[in-house]
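One structure below.
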Amino acid sequence: MKVSINDVSGALTDYDKAIELNPQDANAYHHRANLKQTRLNDVPGALTDYDKTIELNPQDIDAYCNRAILKQFRLNDVLGALADYDKAVEINPQYANAYYNRASLKTSKLNDVHGALIDYHKAIEMNPQYASAYEGRAVLKQAKFEDLHGSIQDLERAATLYKQQGNVEDWQDIIDRLKELENAI
């Protein structure tokens, strides 16, 4: 694929051609939206393509989540992002990433710490190997609930998972944070 060899212009041309040949190809719109969002910084174009993807395939949970990320981080459309995460969870209640991203949104933009905690729990329940969810829940437990013991437990679990997954940078970050917490006790 041209994106993987950094031929972004060629990839865009290929997606444009695929859509021209089959305007009902939801996957082509979705891939083009991802390219526009991540490589071309074309926020309006990405939003339009995610909208079209969802119009053509209203069950595409990744399109809802990607559009939510675009709305959350690039458009500051907090309620729009929340609605997209909600829809992704409605379509697939087992989708851990939607719960994790919604928890992050609830924590950072909506100050819904109880809702965020529930979503972190659900993300972990759906995917017990989700290191970032343990880390997010740990930060929330410490900052908003003053649950230092629970925070340390979640950070220890996140560190173990990061190490098992070969994510040395995040593992080291967690180890450093655990040392700071232990020194604070």
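Let's see if you can work this out: charge +1 on each Lys and Arg Cβ, -1 on each Asp and Glu Cβ, no other charges. What is the dipole magnitude of the chain about its Cα centre, in debye to the nearest 20?
In total the dipole reaches around 120 debye.
How much length is gained if the chain between residue 75 and residue 181 is pulled fully straight, taking 0.36 nm per residue apart and subtracting their Cα-Cα distance, in nm to one decimal?
Gain on extension, residue 75 to residue 181, equals 34.6 nm.
Tell me what the chain gives for mean residue ellipticity at 222 nm when only DSSP H runs of n ≥ 4 count, each as -39,500 (n - 2.57), the sum divided by the residue total, rounded to 500 deg cm²/dmol.
Calculated mean residue ellipticity at 222 nm is -25500 deg cm²/dmol.
Starting from the amide H of residue 74, placed 1.01 Å from N in the peptide plane, find each other amide H under 5 Å away whose residue is 5 or more places distant or on another chain.
Here the answer is none, since no amide H 5 or more places off falls under 5 Å of that of residue 74.
Taking 7 Å along the Cα-to-C-beta vector as the label spot, tell me the residue 51-residue 24 distance in nanometres, rounded to one decimal.
2.2
At residue 173 and residue 38, where each label point lies 7 Å from the Cα along Cα→Cβ, what is the point-to-point distance in nanometres?
1.8
Taking the 0 to 90 degree range and rounding to the nearest ten, how far is the long axis of helix 43-56 tilted relative to the main principal axis of the chain, both from C-alpha atoms?
80
Note the angle between two axes, namely the Cα long axis of helix 61-73 and the longest principal axis of the Cα atoms of the chain, as a number of degrees from 0 to 90, rounded to the nearest 10.
That helix lies at roughly 70 degrees to the long axis.
All of the numbers you see were taken from the coordinates with simple rules; none came from a lab. What you are looking at is a predicted structure, and each value in this text was computed from that prediction instead of being measured. Using ideal geometry, Cβ is built from the backbone for each residue, glycine included, and neighbour counts are taken over all protein chains shown.
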